[in-house]
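The values are calculated or read from the model by the stated rules, or taken from the named source; none is laboratory data. Everything numeric here is computed off the predicted structure, so don't read it as measured data. Because the Cβ atoms are built from the backbone with ideal geometry, glycine has one as well, and the counts that use them run over all protein chains shown.
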Amino acid sequence: MKNSDERKQTMIHPQGHEDQETTTGTCCGHSAKADDGTRPDARDVAECPVMAGTTVIKAEAEAAGLVRTHRGQRYWLCCDACGPMFDADPDGYAA
């Protein structure tokens, strides 16, 4: 039997597609680890406002254009699908 770190989970993204992820991964196949496999500093990560609980590495989101600024606050998104949803209702997703 696989332990919880090896088990796969299926999650339904708000846009309706299913993503496979390990319990240590995040939405749409992103990982909370930097490219070199190390864990980033807490100041370098954020939570996607659309997919609550999904960790986003800020530098990766910036490089991919997955950022929004709303009322002076910066928001980092986990995937392309979250951009249009945030844009359609930024006040609903803003903290």
Mind checking which residues of region 61-79 are assigned to a loop (DSSP other than H, G, I, E, B) and either in contact with a Cys (Cβ under 8 Å, 6 or more places away or on another chain) or crowded, with 17+ Cβ neighbours inside 10 Å (or both)? Leu66, Leu77, Cys78, Cys79
Could you please let me know if Gly92 is surrounded by fewer than 16 Cβ atoms within 10 Å (Cβ to Cβ), at pLDDT 95 or above and not aliphatic (A, V, I, L, M)? yes
Given (1) at pLDDT 95 or above; (2) surrounded by fewer than 16 Cβ atoms within 10 Å (Cβ to Cβ); (3) among the small types (Gly, Ala, Ser); (4) outside any helix (DSSP H, G or I), identify the lone condition not met by Gly37. (1)
